[in-house]
Amino acid sequence: MAEIFVSDGSWTFDGEHLRIVPGSGKDVHELRKVLGELMVPLEAIAADDHDDHDVLIRRLSDLGELHRSGVLTDEEFSTAKQALLRRLQ
């Protein structure tokens, strides 16, 4: 299990799921407070070997939208983006 603490919450990865828990500070985006804790299966953010380039590009676009809307912090977006980009190599 890996856990990452960021200024506005934490990420925990157990090998199959990514758990995103917003912090309680004033710098936490309001949408993250409303959504609360999120548990996301890794398959939802990382591509399988059979996924093609277009699917990965769409997933990157979706991540970008979550980042722009404030759901993902800069750190969270960067971590998820790097996981997807590794699949393109």
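Shown is the FRET efficiency for Arg86 and Lys26, computed with R0 = 30 Å from the Cβ-Cβ distance and rounded to the nearest 0.05: 0.30.
With both labels modelled 7 Å from their Cα along Cα-to-Cβ, the Val40 to Ser7 distance reads 2.1 nm.
Here, each number is a calculation from the coordinates, and none is a lab measurement. In this text, all values refer to a predicted model and were calculated from it rather than measured experimentally. A quick note on method: Cβ atoms are made from the backbone with ideal geometry, for glycine too, and the neighbour counts reach across all protein chains shown.
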